[in-house]
Amino acid sequence: YVNRTLTVDKAITANEATAVLYNPITGSMAFVPATFSTINGTTEVTIKRNGNSIYTIVQFNKKFADLGGHWAKSDIEQMASKLIVKGYTETTFKPNENITRAQFASILIQSLGLAANKGGAAFSDVNTKDWYSGFIGAASAAGLTSGFSDGTFKPNDLISREQMAVMISKAIKFSGKQTIPSGTQDKLLLRFSDKDAISSWAKSAAAQCIDAGIISGLGDKSFAPSAKATRAQAVVMVKHMLEYVGFMD
């Protein structure tokens, strides 16, 4: 990632504005990781991206009618206002519905400011005509996922908490953030009553996400590695990841 700076001659905050990549051909805009710093009425926006494009700052305030009283309301609406997530419709988000592997891959790729890559989706069950093929391709090309040993991605399967932890951990590494010191994994997982249920391939990732404050345990002191995540949980985890790696204030 390379830093680029834009200066806005007024005070704005990350809660009310976001940096975007503008595509002049399609007229579309996409989220770009950025931080905001205001001094003496002037705001310096530091954009972080691994490519060249046209960048600008926009203000957008997205609301959903079905989030009243929901614990993740502010996080979901902030992430939607930053063009990272979308609702089921213009007015509903369905926060308590489970999220699929393809849906999570799309959120993760957009949160990192990466472009879709249909050519990177080398999985037997992902067709280039599928809406998610570009996101899964980008996730594969960036090393965020390798799919399953049988060559599939299983895009429509519901994603588990430990699968999310692995993809988030790889996204942290992709961002350039240092991983946790070796030897601390077991100590970090010791707090969970079901630590032995966490798959061996997910233990390191789970420990890193716990250490970073991205994922927390459940009320019964369990990690619940195989539990299926909701749309709200996924959005909040990705938001915490962005804050942890310095891609969002």
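The values are calculated or read from the model by the stated rules, or taken from the named source; none is laboratory data. Since the structure is predicted, the reported quantities are computational estimates derived from the model, not experimental observations. Reconstructed Cβ throughout: ideal geometry from the backbone, glycine too, with neighbour counts over all protein chains shown. What goes into the accessible areas is simple: the full protein's heavy atoms, side chains included, and nothing from ligands, DNA or RNA. Shrake-Rupley method; radii C 1.70, N 1.55, O 1.52, S 1.80 Å.
Of note:
- Difference of contour (0.36 nm per residue) and Cα-Cα distance, residue 92 to residue 148: 16.9 nm
- Among 88, 22, 132: highest mean-square fluctuation, GNM of the chain, C-alpha pairs under 10 Å: 88
- Surface exposure of the chain, expressed per residue as accessible area with a 1.4 Å probe, stands at 48 Å².
- Summing Cβ point charges (Lys, Arg +1; Asp, Glu -1) relative to the Cα centre of the range 3-99 gives a dipole of roughly 180 debye.
- Surface calculation, 1.4 Å probe, protein heavy atoms: residue 131 sits at approximately 140 Å² accessible.
- Protection-proxy order for peptides 147-153, 98-104, each taking the mean of Cβ atoms within 10 Å per residue, highest first: 98-104, 147-153
- Rounded, prolate or oblate (a/c below 1.5 giving rounded, otherwise prolate when a/b exceeds b/c) for the range 14-92 by Cα gyration tensor: oblate
- With a threshold of 25 Å on the Cα-Cα distance, the over-threshold entries among 203/239; 86/170; 86/221 are 86/221.
- Reported to the nearest whole Å, the Cα centre-to-centre distance from the range 127-191 to the range 29-97 is 22.
- Extreme residue, positive dipole direction of the range 1-97, given options 32, 95, 14 (C-beta unit charges): 32
- Those aspartates and glutamates that a straight Cα-Cα span of less than 16 Å connects to residue 10, excepting residues fewer than 8 apart in one chain: 44
- Across the chain, Cα-Cα pairs more than 23 Å apart make up 52 percent of the total.
- Global form of the range 43-140, assessed from the alpha-carbon gyration tensor, a/c cut-off 1.5: oblate
- Magnitude of the charge dipole, the chain, Cβ model with Lys/Arg +1 and Asp/Glu -1, debye to 20: 200
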